[in-house]
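K.L.:
Have a look at this one before I ask anything.
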Amino acid sequence: MTGGVGVEELLRDLAPRVLGTLARRHGQFDACEDAVQEALLAAAQRWPAEGVPEQPRGWLLTVATRSLIDQWRADSARREREVAVATDPAHHAQAEADDTLVLLFLCCHPALSPPSQLALTLRAVGGLTTAQIAAAFLVPEATMAKRITRAKRQIREAGARFTAPPTPERGARLAVVLHVLYLVFNEGYTALYRTDLTAEAIRLARLLHRLLPGECEVAGLLALMLLTDARRTARTGADGALVPLDEQDRSRWDAAAIREGVGLLSATLGTGPVGPYQLQAAIAAVHDEAPTAADTDWPQILALYDVLAEVAPGPLVTLSRAVAVAMVHGPRAGLAVAGTLDADERMAHTHRLEAVRGHLLERAGEPAAARTAYLSAARTTASEPEHRYLTLRATRLRAADE
Amino acid sequence: MRAAAPTKGTRVPFGAPGARETALKYMIMMFGGLGASLEGRSPEWVKGMHELMVTMDAELKEAGEVVASHKLMDPSRATTVRFENGAPVPTDGPFAEIKESLAGYWIIEASEERAVEIASRVVAYTEYPMEVRRIMEG
């Protein structure tokens, strides 16, 4: 018999497939989603004690369908016809994979705001409970429940159907799905202790890669996540403080994750159009493959940033490129590139520009100016670990200055 | 659960029948903005402060006393909305002076003595005042 953890994993794996099947049959995404949640809760209560049924997917589908019918019966306006369709036991196993994909597209519907897309994807595709999602995003459960309900209503109001997006829209819609998974990952990675979200993002990216093995950017995103997450344990010291990349103990990096990421990337690069996820993964791979920080192949990283700046230009790419320029051509050259962002409105509310400037000024031998930049960055960041790191960096310079 | 003993300082609501069964909630407030209070210190001091915070956070969580705990972004990033010329007008900057601005808080469920004890441990290190306030009930 399976234990509690095994049951939860099984349920999370089955959740999108059951919901996909149900929504394809009945089309009412929001009602189906509620029904599946009920079935999942029932299973989570009963399976650990009674054992997993022989056909767990069929069990969930039956319970969810019954719950759906109960909802309809309670609603006097519902027609007999729907009940008849709902009780039809025929189902198409081969359509399951497509259902999950359609489900992802639906949760990442452009009518929704990114926070709603994230929440709905985690619940409907990830199979997380509202309480788990609320905890991951540090908001009260009632707030998250409202956000999910509103998201489902918005999908209905947008007239979205449970079908794959038409071919001309597919590329753009897939880009939104990838972006949502990327945001889930970042949300978990930026807050050092929310590893549950990074794990969930990787799980969903794996699922998407399995559904769309030929999509290079899907493989690229999965590789990027693996190659970044590989450094997770080395990224914090014993006291929970941030450890920058060049000071990390590389023996603590996850070699298996790096191997998988690099393997995925080399099997993908050159088989289709190169997009930003593949390029960022390639940059992460160069870092991960250097035995020491001093061995880092910065000219190659700079070359990759040059391509990234063409494919997906943006202030954060420029800023990362400034660091690579500094490593290849010296801190003054890097500072000049970073300086081009001074007038960029998009950088006004992030601490990143001043943090990078602090590092480059420190390398250039200007401790006083570096200290000012670090303190300015510390005042702008909303991340506690980063605040601590930047303040420490500044106080160290003051101590060295005296 | 830690029941609030009806000792000196524990304010039993007027007319309440005997000692309360449930603990009271207190907000413990830290001032000065995290940036301003840390900037002039040594790296060792900043590290020590962080260690104290981590230890106390863990202890309060372990004891089941903490209800909420948050640090606020630097007060220089605050927006103050004032009523000017008959309309609300947002302006950049904090309402109070930076050294009097809220930097962070704990909300704990415990006795007033315990809340004061927690604040005292931080003040012993920072030498900067903290405020303990009872939270009203709905």
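K.L.:
Taking the range A:331-348, which residues are in contact (Cβ under 8 Å) with a residue 24 or more places away in the chain and over 17 Å from A:Ser376 (Cα atoms)? Break it down stepwise before answering.
P.N.:
Let us first name the residues in the range A:331-348 that are in contact (Cβ under 8 Å) with a residue 24 or more places away in the chain, namely A:331-332, A:334-335, A:341, A:344, A:346-347.
The answer is A:Pro331, A:Arg332, A:Gly334.
K.L.:
Restrict the check to the range A:339-354 and report whether at least one residue is under 27 Å from A:Arg250 (Cβ atoms), surrounded by 15 or more Cβ atoms within 10 Å (Cβ to Cβ) and either modelled with pLDDT of 95 or more or β-branched (Val, Ile, Thr) (or both).
P.N.:
no
K.L.:
Kindly establish whether A:Ala219 is away from every other protein chain (no Cβ under 14 Å), surrounded by 22 or more Cβ atoms within 10 Å (Cβ to Cβ), within 28 Å of A:Leu101 (Cβ to Cβ) and touching a residue at least 60 places away in the same chain (Cβ under 8 Å).
P.N.:
Working: away from every other protein chain (no Cβ under 14 Å): yes; surrounded by 22 or more Cβ atoms within 10 Å (Cβ to Cβ): yes; within 28 Å of A:Leu101 (Cβ to Cβ): yes; touching a residue at least 60 places away in the same chain (Cβ under 8 Å): no.
No: the conditions fail for A:Ala219.
K.L.:
Something else about it: Any residue that is among the acidic types (Asp, Glu), more than 9 Å from every other protein chain (Cβ to nearest Cβ) and part of a loop (DSSP other than H, G, I, E, B) - is there at least one of those in the range A:345-364? Outline the logic, then answer.
P.N.:
Within the range A:345-364, the subset among the acidic types (Asp, Glu) is A:345, A:354, A:362.
Imposing the further condition that a residue be more than 9 Å from every other protein chain (Cβ to nearest Cβ) reduces the set to A:345, A:354, A:362.
If we keep only those that are part of a loop (DSSP other than H, G, I, E, B) as well, we get none.
No, there is no match, as no residue in the range A:345-364 is among the acidic types (Asp, Glu), more than 9 Å from every other protein chain (Cβ to nearest Cβ) and part of a loop (DSSP other than H, G, I, E, B).
K.L.:
Kindly provide the set of residues from the range B:61-70 that are more than 10 Å from chain A (Cβ to nearest Cβ) and not β-branched (Val, Ile, Thr), ordered by number. Write out each step before concluding.
P.N.:
Of the residues in the range B:61-70, the ones more than 10 Å from chain A (Cβ to nearest Cβ) are B:61-69.
B:Lys61, B:Glu62, B:Ala63, B:Gly64, B:Glu65, B:Ala68, B:Ser69, listed by residue number.
K.L.:
Taking the range A:376-392 only, how many residues are buried (at least 23 other Cβ atoms within 10 Å of the Cβ), within 10 Å of chain B (Cβ to nearest Cβ) and at pLDDT 90 or above?
P.N.:
3
K.L.:
Continuing with this model, one more query. Identify, by number, the condition in (1) surrounded by 13 or more Cβ atoms within 10 Å (Cβ to Cβ); (2) touching a strand residue (DSSP E or B) at 6+ places or on another chain (Cβ under 6 Å); (3) under 19 Å from B:Leu24 (Cα atoms) that B:Ala103 doesn't meet.
P.N.:
(3)
K.L.:
Next question. Return yes when A:Ala373 is within 14 Å of chain B (Cβ to nearest Cβ), farther than 21 Å from A:Ala294 by Cα and buried (at least 22 other Cβ atoms within 10 Å of the Cβ) and no when it is not.
P.N.:
Working: within 14 Å of chain B (Cβ to nearest Cβ): yes; farther than 21 Å from A:Ala294 by Cα: yes; buried (at least 22 other Cβ atoms within 10 Å of the Cβ): yes.
For A:Ala373, the condition - within 14 Å of chain B (Cβ to nearest Cβ), farther than 21 Å from A:Ala294 by Cα and buried (at least 22 other Cβ atoms within 10 Å of the Cβ) - is met.
K.L.:
Right, here's the next one. Is one or more of the residues making up the range B:13-25 at pLDDT below 90 and either within 11 Å of another protein chain (Cβ to nearest Cβ) or within 22 Å of A:His351 (Cβ to Cβ) (or both)?
P.N.:
No.
K.L.:
Could you count how many residues in the range B:30-47 are at pLDDT below 75, over 17 Å from A:Ala373 (Cβ atoms) and facing chain A (nearest Cβ under 7 Å)?
P.N.:
Residues flagged as at pLDDT below 75, over 17 Å from A:Ala373 (Cβ atoms) and facing chain A (nearest Cβ under 7 Å) within the range B:30-47 amount to 1.
K.L.:
Hey, can you tell me all the residues within the range A:373-402 that are free of Cβ contacts under 8 Å to residues at least 12 places away in the same chain and of a type in the set (Val, Ile, Thr)?
P.N.:
If the condition is that a residue be free of Cβ contacts under 8 Å to residues at least 12 places away in the same chain and of a type in the set (Val, Ile, Thr), then A:Thr395 is the only one that fits.
K.L.:
Just one of A:Ala219, A:Ala199, A:Ala223 is in contact with a Pro (Cβ under 8 Å, 6 or more places away or on another chain) and part of a helix (DSSP H, G or I); which is it? Step through it out loud before you land on a result.
P.N.:
Details: A:Ala199 fails: in contact with a Pro (Cβ under 8 Å, 6 or more places away or on another chain); A:Ala223 fails: in contact with a Pro (Cβ under 8 Å, 6 or more places away or on another chain).
Exactly one of A:Ala219, A:Ala199, A:Ala223 is in contact with a Pro (Cβ under 8 Å, 6 or more places away or on another chain) and part of a helix (DSSP H, G or I), namely A:Ala219.
K.L.:
Ok, one more. Considering the range A:222-242 alone, what residues qualify as being over 16 Å from A:Ala199 (Cα atoms) and either within 14 Å of chain B (Cβ to nearest Cβ) or within 18 Å of the chain's Cα centre (by Cα) (or both)?
P.N.:
A:Thr236, A:Gly237, A:Ala238, A:Asp239, A:Gly240, A:Ala241, A:Leu242
K.L.:
Also: Residue by residue through the range A:230-240, note down the ones that are out of contact with any Ser or Thr (no Cβ under 9 Å at 6 or more places or on another chain) and surrounded by 15 or more Cβ atoms within 10 Å (Cβ to Cβ). Spell out how you get there, then give the answer.
P.N.:
Within the range A:230-240, the first condition is being out of contact with any Ser or Thr (no Cβ under 9 Å at 6 or more places or on another chain), and the residues that meet it are A:230-231, A:233, A:235-240.
Within the range A:230-240, A:Ala230, A:Arg231, A:Arg235, A:Thr236 qualify.
K.L.:
Determine whether the range B:71-92 contains at least one residue that is polar (S, T, N, Q) and within 11 Å of chain A (Cβ to nearest Cβ). I'd like the intermediate steps shown before the answer.
P.N.:
First, the residues of the range B:71-92 that are polar (S, T, N, Q): B:76, B:79-80, B:85, B:91.
Applying the additional criterion that residues be within 11 Å of chain A (Cβ to nearest Cβ) yields B:76.
Yes, the range B:71-92 contains at least one residue that is polar (S, T, N, Q) and within 11 Å of chain A (Cβ to nearest Cβ).
K.L.:
Among the residues that make up the range A:288-296, is at least one of them crowded, with 17+ Cβ neighbours inside 10 Å, among the charged types (D, E, K, R) and touching a residue at least 40 places away in the same chain (Cβ under 8 Å)?
P.N.:
Yes: the range A:288-296 contains one or more residues that are crowded, with 17+ Cβ neighbours inside 10 Å, among the charged types (D, E, K, R) and touching a residue at least 40 places away in the same chain (Cβ under 8 Å).
K.L.:
Enumerate the pairs (first residue in the range A:163-187 and among the small types (Gly, Ala, Ser); second residue anywhere and at pLDDT below 90) with beta-carbon separation below 6 Å, excluding pairs fewer than 6 apart on the same chain, so at least 6 apart or on different chains.
P.N.:
These pairs meet every condition: A:Ala164/A:Val102.
K.L.:
Does A:Thr395 fit the bill of being assigned to a helix (DSSP H, G or I), away from chain B (no Cβ under 14 Å) and of a type in the set (S, T, N, Q)?
P.N.:
On the way: assigned to a helix (DSSP H, G or I): yes; away from chain B (no Cβ under 14 Å): no; of a type in the set (S, T, N, Q): yes.
Here the answer is no, as A:Thr395 does not meet what is asked.
K.L.:
Condition test on B:Val67, is it free of Cβ contacts under 8 Å to residues at least 12 places away in the same chain, over 23 Å from A:Ala394 (Cβ atoms) and surrounded by fewer than 17 Cβ atoms within 10 Å (Cβ to Cβ)? Steps first, please.
P.N.:
Working: free of Cβ contacts under 8 Å to residues at least 12 places away in the same chain: no; over 23 Å from A:Ala394 (Cβ atoms): yes; surrounded by fewer than 17 Cβ atoms within 10 Å (Cβ to Cβ): yes.
Spelling it out, it is not the case that B:Val67 is free of Cβ contacts under 8 Å to residues at least 12 places away in the same chain, over 23 Å from A:Ala394 (Cβ atoms) and surrounded by fewer than 17 Cβ atoms within 10 Å (Cβ to Cβ).
K.L.:
Hey, which of the helices (runs of 4 or more DSSP H) in the range A:86-142, taking only ones fully inside, have at least 1 residues that are at pLDDT below 85 and under 16 Å from the mean Cα position of the chain (by Cα)?
P.N.:
Working: elements: A:96-107, A:114-120, A:130-136.
Those helices (runs of 4 or more DSSP H) span A:130-136.
K.L.:
With respect to A:Leu335, is the statement that it is under 20 Å from B:Pro43 (Cα atoms) and more than 29 Å from the chain's Cα centre (by Cα) true? Don't jump to the end; show me each part of the working.
P.N.:
On the way: under 20 Å from B:Pro43 (Cα atoms): no; more than 29 Å from the chain's Cα centre (by Cα): yes.
No: the conditions fail for A:Leu335.
K.L.:
Let me ask something else about it. With surrounded by fewer than 16 Cβ atoms within 10 Å (Cβ to Cβ) and within 14 Å of another protein chain (Cβ to nearest Cβ) as the only criterion, which of B:Ala58, B:Ala96 stands out? I'd like the intermediate steps shown before the answer.
P.N.:
Values: B:Ala96 fails: within 14 Å of another protein chain (Cβ to nearest Cβ).
Of B:Ala58, B:Ala96, the one residue that is surrounded by fewer than 16 Cβ atoms within 10 Å (Cβ to Cβ) and within 14 Å of another protein chain (Cβ to nearest Cβ) is B:Ala58.
K.L.:
Here is a further query. Looking at the structure I just gave you, is A:Ala31 within 20 Å of A:Ala145 (Cβ to Cβ) and either in contact (Cβ under 8 Å) with a residue 12 or more places away in the chain or assigned to a helix (DSSP H, G or I) (or both)? Outline the logic, then answer.
P.N.:
On the way: within 20 Å of A:Ala145 (Cβ to Cβ): yes; either in contact (Cβ under 8 Å) with a residue 12 or more places away in the chain or assigned to a helix (DSSP H, G or I) (or both): yes.
Answer is yes for this residue.
The values are calculated or read from the model by the stated rules, or taken from the named source; none is laboratory data. Since this is a predicted model, take the numbers as computed values, not measurements. Note that we place each Cβ from the backbone using ideal geometry, even for glycine, and neighbour counts take in every protein chain shown.
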